[in-house]
Each structure stands twice: as structure tokens, then as C-alpha cells.
1. Can you tell me which of A122, A191 is crowded, with 20+ Cβ neighbours inside 10 Å and over 18 Å from D248 (Cβ atoms)?
2. Within the range 299-315, is even one residue more than 31 Å from the chain's Cα centre (by Cα), within 14 Å of E141 (Cβ to Cβ) and of a type in the set (K, R)?
3. For the range 328-348, which residues satisfy the criterion of being more than 15 Å from K143 (Cβ to Cβ) and either among the charged types (D, E, K, R) or at pLDDT 90 or above (or both)?
4. Does any residue in the range 107-119 that is aromatic (F, W, Y) come within less than 7 Å, Cβ to Cβ, of a residue that is part of a loop (DSSP other than H, G, I, E, B) six or more places away or on a different chain, and which pairs are these?
5. Do you know which of the residues in the range 466-511 that are assigned to a helix (DSSP H, G or I) and among the acidic types (D, E) is nearest to R601 (Cα to Cα)?
6. Given the criteria over 33 Å from the mean Cα position of the chain (by Cα), part of a strand (DSSP E or B), surrounded by fewer than 17 Cβ atoms within 10 Å (Cβ to Cβ) and among the charged types (D, E, K, R), does E371 qualify?
7. When the residues of the range 279-296 are filtered to those that are within 17 Å of M144 (Cα to Cα) and out of contact with any helix residue (DSSP H, G or I) (no Cβ under 8 Å at 6 or more places or on another chain), which remaining residue is surrounded by the fewest Cβ atoms within 10 Å (Cβ to Cβ)?
8. So is Q175 touching a residue at least 24 places away in the same chain (Cβ under 8 Å), surrounded by 21 or more Cβ atoms within 10 Å (Cβ to Cβ) and not assigned by TED's automatic domain parsing to the domain that holds H47 or not?
Amino acid sequence: MQGSPCFPLSLAKGGGEKGGEGFGDRAMIDTGIKERVERLREEINRHIHLYYVLDQPEIGDALFDQLMVELKGLEGLYPELITPDSPTQRVGAAPAAQFAEIEHPVPLLSLANAFSDEELVAWHRRASNLLDGAAFDMVCELKMDGLAVALTYEQGVLVHGATRGDGFRGEDVTQNLRTIRSIPLSVPKEAPQRFEVRGEVYFPRSLFARLNEERVAEGQPPFANPRNSAAGSLRQLDPRATARRPLDIFVYGLGYAEGSGVPDNQWDTLEYLKALGFKVNPQNALCHSLEEVVDYYRRWRERREELDYDADGVVVKVNPFSFQRHLDVVGREPRWAVAYKFPATQAITRLLGIGINVGRTGSLNPYAIMEPVNIGGATVKTATLHNEDDIRRKDLRVGDWVVVERAGEVIPQVVAPVVSRRTGEERPFAMPDRCPVCRTAVVRPPGEVMTRCPNTACPAQLLELLKHFVSRGGMDIEGMGEKLCAALLNAGLVKDVADVYYLTKEDLLKLERMADKSATNIINAIEKSKSRPLARVIFALGILHVGSEMAELLASRYRSIEGLSHASEEELMEIPTVGPRIAQSIVAYFQDEGNLQSIQRLRGAGIRLEEEGAPRREGELPLAGKRFVVTGRLAGLSRSQAEARIKELGGSVGSSVGRSTHYLVTGEDPGSKLEQARKLDVTLLSEKEFLQMVGRSY
């Protein structure tokens, strides 16, 4: 969360005055503690709503984290105070073996489609005739290409959430939906005693490309489009996996509500849901005539590229609920609503050839070369093919007529061949056995889907690495686009990413078409990038299989490039989501002498290679020379957070108890390590004792 700081509850009057000493008496929970927990929940939920729903944050990340740590600590000591709507309960359920079914009390119906103004007019005329010519307002809502869900609340608390399924029953994905911060876990007391909210879960387009890059780098098949990524994310059996993906939601109506007090039309219902804390699409519009509906449709047909989600049309609804009830349903489609679809984003064209790009990690990335075709208003000549296995799975052959779509309205991809149009002259694709740029023999490591060029000095790899290094997700050096990166390499001014920080204005002015002001701006941007957070630096280095989420985990765990560079495969694999392949890749990166020299030059240029606030001189650190092992489940913080704190204070962390171990930090269910520590006379620390040692308390 970003924003202007304000005083957290822990610093407000009456907060935290009891300290940690009185918390161990479980015979009776002090009224002040109960009130404190309630106030913390209320304040945290308020900030979550401000940040994820209203986009109006009031406090920064540090203060928000402080509130969460305090609440987790109190709930850890007094689990009987935990409630389903507590913000600490968004993630924490065990992985499900499978999803149970939930029956929808009111079916989630399909919508009839209109593909032209004439068909929209025909729908409107039929509705008007059935209403005896009565005039009616209509509500226009963008038809999002996401995943429809139904959220049920009882006594003000979210009790379950389900996918649309077949319309009559869906999958119970409650625990995964709880991880979406824009879904309130509780609502105000004035809400109906029991009601169902319907909405569309989506994956923001701005983050979709990054997710696919990370999946391909990790050897996983990419998602075809943001909708598939949302569906795949929401159907993870482990809610923690869903929580790592930035899903969002817009709610669009009530399925049902028990009791009185709810509005009697669609437009006021949207405003009502917004007042209850739900995220409602700000692009919704109330239209008083069919002409206004058509204007709305045409406006968003032209502007849909501006949206951060896929929209494939406009849903038009009759506004008064009394009219909706009168119009009723025919088959499985309501007469009171229609989906006016945008023009198709698929086309058929000829696959002329398959080219190869070499990525920053040496991956050989095939792409389709096609006869130009217009798709959704854009001329498309090339499209992604992901990898060799994807080509074989789709049975694509050079010379095929193929179906092409603009996935996510932006990235073209080949969907399938039109087999019926084959002549027999089409040619199967074969991956080249040498890098098309440097001619080095390529390899395909066992278990990976990507063929790679092993030559780290390959010019194509260096260009892609440099583009990645200076990109917005990396060091974010404004003004350094692909053309400038290529010019710097061609001129010999950059032979390694660290060279960027040794460029001078005079160097840049030697380049063709480089103006004095542009050169000055780029030098200033390079200087500004030196203070990027450690996670951004780790990501920018381009370590194979290390995406932005993994970089965050590594930065949190090791606090410095120095600490990460000495990590063993065994130690790395103790981090959640780090498997053998990622661990091997990280260790191999820091064993490469060229990479180490590059990091030293980055350090010499003044790049921040430690987490902000991390101490730098070991001799001054309170835990220097002490070795810890952490075992069992900790209540107030994760194991990775505990280990990061140990390293921040100069200590080291082991995975097994041995004679060199000084302390064993024990949580719930410590296992065999506890007995081994007792045999070796290792000092045992409870979670509370550990937190007191490292200077953090509840």
C-alpha cells in the first residue's frame, strides 16, 4: 500500500500498553484485548477497502504491515478470538483434495447475444412490446471476459463462494476467493441477513504478460489469455498459490437477498453494493434511450484497449426489477438483458514460416510469420507459438491455413490449423540444432520445454538481457528502449549490464540521432535507478526461472545479494515454491565468474545490493556468529520472515540441528529436530522468546 502515513493503531492512545507479559494467562481474556483485536480488524479492513477497492490509500506498506503483525500475534496467542472475517484468514486453509459442489439457489443464466445495431433494436422492441409499450431506462455494463462467481453472505460474513459451473451448481472455491483483497470478508450490519452477490473475477491485463514470462521460464505452459489465467488461478487446490496471483473482481448484481431494504432497480443496486464495500465497475452507465446505449457501445468498442481487463461486449439490462420479473426468462436466457458483442478478434490466414527469437536466458522462442490479416482493427503479421511442444501439440505446419486470435486483445497467437484446407504440401516444423544468431549447438535440458543456446556471450541473449535489465519491472531506466539498447551494443559501449552505470553523456552523444537533452535525461534516469529495491535488482539480473514474485521471496529471505550468493541448493529449497530446478539455477548463476564480476561492478557503481535498513558490517550485528534452526509452525510470522530477521541481525540459518547449532526456535509440531536439539544441549527458544531476542514483540 502506498500513500500518506497516518498513526497506526499500535501507536494510538490505548494501543499496545499491556505489552506481552499478560498475554500468557489463558484463564480469562481481558476485555481490552478483545476490543483491541476488534479495532485492529476494523482498521485493517478499512485500509484494504481504501487500497484495493477505492484506490485511495491512506497509509504506507510499513504501517499496514505493523497492524497485521500485531493482529496475527494476538490471534496466535488467543485463537478463540479468530473470526472468519478476520483479514488474517484470507490465506491459511490447507490445500483441497478436490472442489465440492455448491448448488445455486437462483441459477446463473446465460445471455442472448446481439451482433449488430439491428439485433439490439430487435431485442429492445420485443421487450417494449411485452411491457405494453412502457418506456424504461437501461443499465450498460462492460461484458468482462473473466470468471463468473457467486458470493454468499450470512449475518454480514462471507460464508462461501462458487464458480458459475453449469448455472445450477458450481465449484466451491471459497478459500481461493478469500485471497482476493477486493472481496470483503464482512459487510456492514445494515446488509441483508443472507444475500448473494454476483461478480466477475479477472486477471489484470497489465500483469498477464509478466505471468506468462514467468511460467515459460519455469517450464510451465503459458496461459492462452487473461481469462484462462484467472480461471487457472481460481481453481488452484492450494489457496496460497491463488494468493500469489493478483486477481481482482467487479460485482454486477444481487442473486437474491432475504429481507427488505434492497433497491428495486439495477442501477440503484450497483450503488447499494458499492456502499456495502463491494468493487463496482466505474464504467457502468445508466442510459435513458436506445441511442445512448449505442453511443456507449461504440465508445467502448473503440476504447477497449485502454481497459486493464478483457471486454468482449456490453451487457444491456432493463433497469426496473418489476419490469425484469414481468419479462421473465425464456429457456436459460433472461428477456430483460442482452450481450451486445464487440467484433470478433479471430481471423484465418496462411502460416508462411516459423521464425526463432533468442531470449535473454538463451531460450529459442518460435514465432509465426503469416500473411497479413486484420483482426479487431489491427494488421497482424506475426504471432506467438510459445515453444516446440506447443507447435507439435497443435500440429501446426508451415503452409497451413491457421486460426489466429489477439489473445487479451493485444498479443496475437496461433490457435489451431484449419486441417480441412490442407493440400499435402505443408511442412512439419523442426527446431534448429544451432543458435540462429551465434551458431552455437543448442541444448534442451531434461524436463524443460525450452531449447536453449548455452553461449552466454550470444549477442541476442545480451540484447534481451539488457532490455530486461532496464525494463519497468527491473531497474526501470526511463528512455532506454529496445532501439537504444541495440545501439549501445552495436557501438560497443555496453558489453555487460553493469556497463550501463559507467556510461557518460559524451558516450551517448556519439550515438546517431542522440540529442543533448535526451542524453542528459537518460543519464539522470540511470542515476535515479541506483536506489531500486533489492527485489527489483534480483529480478533485473535475469536469473533463469527467477521471476518478480520469486525475486521478492529471495530479497525477503536473504536481505542482500551477498547473502543470496552464498545460499546452497538445500537452503534455497526450504523456501516455499522453490524447487530443485530454481535452486540449481540460482546457485549456478552465482558460480559463474562473469556474473560475479558484473555484480561487483554494479556495487562499485553505487547500486543498492542490500535490502533497505539491512545492516552491513557483521561485527556490529547482535547475532553475529550464532547459528539458528527454525522448526514447527510459528503463529505471528512465517518461517521465512523469522529466518530473514536472523540474517538481518548477522546470524546464520541451518536446515538441520547439529553441533554448530546455537538455538532451535520452536513453533507448533516441532518434530524430530526438538529431540535432536535436546540430545545436543542446544538452547531452545519459544516463539515469544525468539521475538524478544530479535527485538520484535506482539
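1. Details: A122 fails: crowded, with 20+ Cβ neighbours inside 10 Å.
Criteria check complete, one pass: A191.
2. Of the range 299-315, the ones more than 31 Å from the chain's Cα centre (by Cα) are none.
Within the range 299-315, not a single residue is more than 31 Å from the chain's Cα centre (by Cα), within 14 Å of E141 (Cβ to Cβ) and of a type in the set (K, R).
3. Going residue by residue through the range 328-348, those that are more than 15 Å from K143 (Cβ to Cβ) are 328-332, 335-336, 346-348.
The answer is D328, R332, R335, W336, I348.
4. none
5. Filtering the range 466-511 down to residues assigned to a helix (DSSP H, G or I) leaves 466-470, 482-490, 497-502, 505-509.
Still in the running and among the acidic types (D, E): 482, 499, 506-507.
Working: E482: 23, D499: 8, E506: 20, D507: 18 Å.
Among those residues, the one meeting the criterion is D499.
6. On the way: over 33 Å from the mean Cα position of the chain (by Cα): yes; part of a strand (DSSP E or B): yes; surrounded by fewer than 17 Cβ atoms within 10 Å (Cβ to Cβ): yes; among the charged types (D, E, K, R): yes.
When the stated conditions are applied, E371 passes them.
7. Going through the qualifying residues, I end up with P282.
8. Values: touching a residue at least 24 places away in the same chain (Cβ under 8 Å): yes; surrounded by 21 or more Cβ atoms within 10 Å (Cβ to Cβ): yes; not assigned by TED's automatic domain parsing to the domain that holds H47: yes.
Spelling it out, Q175 is indeed touching a residue at least 24 places away in the same chain (Cβ under 8 Å), surrounded by 21 or more Cβ atoms within 10 Å (Cβ to Cβ) and not assigned by TED's automatic domain parsing to the domain that holds H47.
The values are calculated or read from the model by the stated rules, or taken from the named source; none is laboratory data. Note that this is a predicted model, so its numbers are computed, not measured. With ideal geometry, Cβ positions are generated from the backbone for all residues, glycine too; neighbour counts draw on all protein chains shown.
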